[in-house]
Amino acid sequence: MGRSGMIGGSLRAAALVSAAVLLAGCATTAAFRDGERAAQVEDWDSAVEYYRQAVQDDPQNAEYRVALHRAMINAAREHYARAEALEETGALVEAVRAYRRAGELDPGNNDALYRAAELERAIRDRIEASRSRAPIEDMRDVASRAADPPLLEPASGEPLSLRFVDQSVQDILDFIGNATGVNINFDQQFQDRQYSVQLDGVTVEEALDQILMANQYFYKVLGPRNVIVVPDTPQKRLQYEDQVIRTFFVSHTDVTELATLLQQIIRGGAPTPVQPQIVPNGLSNTITVRATPAVTAVIERVIAANDRPRAEIIVDIEILEVNRERTRAFGLDLGQYSIGAVFAPDAAASGLSAGADSGVTSQLRSGDFSFSVPSAIVDFLESDGETRVVAKPQLRGQEGAELTLNLGEQVPIPTTAFTPIAAGGATVNPLTSFEYKDVGVNVSMVPRVTFENEIILDLEVENSTLGPSIEVAGQSMPTFGSRSVGTTLRLRDGESNLLAGLLREEDRRGLRGIPGLTRIPVIRSLLASNEETIRQTDIIMLLTPRIVRTHQLTQENVSPIRIGTQRNIGVTGPGTLGVPAVANGAALPADAARGPAANRTPPAPGLPGASADIVVRLPEGPLQVGAGPYTVPLAISGASQVATLTLTLRYDPGLLRVSGVQEGSFMRQGGADVTFTHQVDRDGGRIDLVAVRPGDPLGAAGSGVLAAVIFEALRPGEATLVPNGLGLTPAGGAVELDFTPADAVIR
């Protein structure tokens, strides 16, 4: 090819390069112009996309970067305003998406991320509350009521006022029995004594408890209107206290640990007269208890407080591994750096022949000898390469459980053990086994969700590499390079954390040349082969944990459990009616006992937490005419800030007759003074109840029994018991009450 042809080819190549650059510039300018047009009409989402394309095409253009930043800020404001509007209309799912989008566009907008996390938590709580009650919950309620001792049902539920000075204990008890219609019997070892007492406005249970405890006696309910007074000694406890065997089915907690906890709590301190037996079954995940009904009720409450589902989280992980390698080779390479001589008298001299390594080898001939001279190659090589490995896995698990992520490969590592072939023999047999080591990016974390909805991560990150093999006892063994970090992070729901700096840089330099010349500073760069390699790797990791399911706690779980004294353990409380405060140790779900919309009172403005569910609990099976009386508790669950309750219970007076009303223990929790009144309209089939905690700034919360109505069945039929009423908070706001009626079958 002539010189003019070479010049023409160069011009054509330059023209092609110029055209390519011009086309790229036109494309970048077009994307920027489209972004400008979208910004003029305030279509900020489209403007962000166009500006982002322009920045990708020309990253060094400051004007493009400024325009992109401005568009992202405006788009974030637009999405935030839209999210607020969606939240006001109740479209929480769409609002979360808008808040998340605003946070992505403006990473400094922490309020958007916080609002998104709060709404996600509200959505989760709403979903959990809307779930139907599991069948095991109803079966636990039935089992709890079946284990209850007989309920004391005095003929009169009016509060007692007593004042006796140096009177016989038996006479005082006879007076209480005559005033309330309760038959009080005495054990044959009962010994009378003188006693002074003054009580005002107490129930019959409170009066009996105080008088008998002060004189070292206890009473056992034999029937609705029959009790027996017994000396409080271990022998008499063994004689009179009933025993029950009950199996508790544990869902979330290890039964062995839970059984150990129960044994330490129930059997701690001084020994009780009747030691309970607590046996765990790991195969069926149950705990079987043999104890008195009172101790069994305490164990039930403790199990319900500890058998809570663990919180669950999802961790979004973004991993970026950047590998960069720079190589430079220059100088004179003399191939094999050796001269070969061959005795070949019959061979013809040749100029050049193909060599095995360098491609060309020079040969010189002198007489019968042929000499091969190494070829000389001048290297001018420089390369710069960069690779990126991106992974975006998502891990989900329970708190306390280890979550692991391995990105890489497994390398077998041989392990040899020497065992004797025969007993006592000197000859051994080598046995080789293989273990596999994870090589790559290994992430291990143990999450924990606090009760304040924060996430604590015990994190370990390791970046391991496979190194050169080495000889160990004549066997080739692999080596490994490792970079690891361990830390503990505390993050909020949806808060991201960037982990970077696991940097590794490897610098290798090689020099080959003629001995002696490689020692000369200037000559060795020209007459020797120089090779320089720089390898750099870095790990960048972004962690974003999110709470999927929080701790399902109720007020009942954190409230104290009154269990009486060490000598007489049992679930106690002021004015107890013998009905457990809760059915299964935890508040019922808000929607599990939801009544018709017409039976709900609206919530007070600004007090969304003031609410409660009221349920009428009928005995199991149909009511029998002539077989009563029957005690029907009026229970409350999921309550908060309840200071005043005014309730009405309607029934069919032709089928049922009210023989008494007793106050429950719910409103008296915490030892509060309560004003309780009731009025029965037997002809109209209506019961009016009023319970007030005067001067209480907090109100009652949790679950319990409001009152117990004693019915007698008159004739067969189907009667519906319909509750209604209203509640007030200590501040005077309304309490949202949900009522569930009950249908009684009478035979």
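The values are calculated or read from the model by the stated rules, or taken from the named source; none is laboratory data. Given the structure is predicted, the values throughout are model-derived calculations rather than measurements. Cβ atoms come from the backbone with ideal geometry, glycine included; neighbour counts cover every protein chain shown. All accessible areas refer to the heavy atoms of the entire protein, side chains included, with ligands and DNA or RNA removed. Shrake-Rupley method; radii C 1.70, N 1.55, O 1.52, S 1.80 Å.
Taking the stated definitions as given, is T487 in contact (Cβ under 8 Å) with a residue 12 or more places away in the chain, within 23 Å of the chain's Cα centre (by Cα) and part of a strand (DSSP E or B)?
On the way: in contact (Cβ under 8 Å) with a residue 12 or more places away in the chain: yes; within 23 Å of the chain's Cα centre (by Cα): yes; part of a strand (DSSP E or B): yes.
Taking the combined requirement at face value, the residue satisfies it.
Taking the residues in the range 543-584 that are hydrophobic (A, V, I, L, M, F, W, C), open to solvent by 20 Å² or more (accessible area, probe 1.4 Å) and at pLDDT 70 or above as candidates, determine which candidate is farthest from E153 (Cα to Cα).
Looking at the filtered set, the residue picked out is V548.
Name the pairs whose Cβ atoms lie under 8 Å apart, with the first residue in the range 185-196 and within 15 Å of F175 (Cβ to Cβ), the second open to solvent by less than 90 Å² (accessible area, probe 1.4 Å) and assigned to a loop (DSSP other than H, G, I, E, B), and 6 or more positions between them or separate chains?
Partner pairs satisfying both residue conditions: Y195/N215.
I'd like the full set of residues that are among the polar types (S, T, N, Q) and surrounded by fewer than 14 Cβ atoms within 10 Å (Cβ to Cβ), limited to the range 84-116. Steps first, answer last, please.
Of the residues in the range 84-116, the ones among the polar types (S, T, N, Q) are 89, 109-110.
The answer is T89, N110.
If we scan the range 532-542, do we find a residue that is under 27 Å from V411 (Cβ atoms), modelled with pLDDT of 75 or more and assigned to a strand (DSSP E or B)? Break it down stepwise before answering.
Residues of the range 532-542 that are under 27 Å from V411 (Cβ atoms), as a first pass: 533-541.
Then drop every residue that is not modelled with pLDDT of 75 or more, which leaves 540-541.
Within this subset, residues satisfying the condition of being assigned to a strand (DSSP E or B) are 540-541.
Yes: the range 532-542 contains one or more residues that are under 27 Å from V411 (Cβ atoms), modelled with pLDDT of 75 or more and assigned to a strand (DSSP E or B).
Give the residues of the range 669-716 that are in contact with a Ser or Thr (Cβ under 8 Å, 6 or more places away or on another chain) and hydroxyl-bearing (S, T, Y), sorted by residue number.
Once the filter is applied, which keeps residues that are in contact with a Ser or Thr (Cβ under 8 Å, 6 or more places away or on another chain) and hydroxyl-bearing (S, T, Y), the range 669-716 yields only S703.
Within the set of pairs 6+ apart or on separate chains, which have a first residue in the range 67-92 that is more than 23 Å from A54 (Cα to Cα), a second that is of a type in the set (F, W, Y) and surrounded by 14 or more Cβ atoms within 10 Å (Cβ to Cβ), and C-beta atoms under 6 Å apart?
Pairs that qualify, where the first residue is more than 23 Å from A54 (Cα to Cα) and the partner is of a type in the set (F, W, Y) and surrounded by 14 or more Cβ atoms within 10 Å (Cβ to Cβ), are A83/Y99.
Looking for whichever is assigned to a strand (DSSP E or B), surrounded by fewer than 16 Cβ atoms within 10 Å (Cβ to Cβ) and of a type in the set (A, V, I, L, M) here; the options are V230, V315, V279. Which one fits?
On the way: V230 fails: surrounded by fewer than 16 Cβ atoms within 10 Å (Cβ to Cβ); V315 fails: surrounded by fewer than 16 Cβ atoms within 10 Å (Cβ to Cβ).
Checking each option against the conditions leaves just V279.
Which one of R124, R115, R145 is at pLDDT 80 or above and either within 25 Å of the chain's Cα centre (by Cα) or part of a helix (DSSP H, G or I) (or both)? Even if it seems obvious, please write down each step before you answer.
Details: R124 fails: at pLDDT 80 or above; R145 fails: at pLDDT 80 or above.
Answer to the check: R115.
So which of Q243, Q210, Q239 is touching a helix residue (DSSP H, G or I) at 6+ places or on another chain (Cβ under 9 Å), exposed (fewer than 15 other Cβ atoms within 10 Å of the Cβ) and modelled with pLDDT under 90? It would help to see each step written out before you state the result.
Working: Q210 fails: touching a helix residue (DSSP H, G or I) at 6+ places or on another chain (Cβ under 9 Å); Q239 fails: touching a helix residue (DSSP H, G or I) at 6+ places or on another chain (Cβ under 9 Å).
Result: Q243 is the single residue among Q243, Q210, Q239 that is touching a helix residue (DSSP H, G or I) at 6+ places or on another chain (Cβ under 9 Å), exposed (fewer than 15 other Cβ atoms within 10 Å of the Cβ) and modelled with pLDDT under 90.
Is there any pair with a first residue in the range 687-709 that is without any contact (Cβ under 8 Å) to a residue 40 or more places away in the chain and assigned to a loop (DSSP other than H, G, I, E, B) and a second that is of a type outside the set (K, R) and open to solvent by 40 Å² or more (accessible area, probe 1.4 Å) whose Cβ atoms are under 8 Å apart and which are 6 or more apart or on different chains, and what are they?
Once the first residue is without any contact (Cβ under 8 Å) to a residue 40 or more places away in the chain and assigned to a loop (DSSP other than H, G, I, E, B) and sits in the range 687-709, its partners that are of a type outside the set (K, R) and open to solvent by 40 Å² or more (accessible area, probe 1.4 Å) give P694/D673; P694/T675; G695/D673; P697/P730.
Cβ-Cβ distance below 8 Å, separation of 6 or more or different chains: which pairs start in the range 233-245 with a residue that is over 24 Å from Q191 (Cα atoms) and end on one that is assigned to a strand (DSSP E or B) and polar (S, T, N, Q)?
I245/T288
Between residues in the range 29-43 that are assigned to a loop (DSSP other than H, G, I, E, B) and residues that are open to solvent by 100 Å² or more (accessible area, probe 1.4 Å), which pairs lie under 9 Å by C-beta distance while being six or more apart or on different chains?
D43/R37
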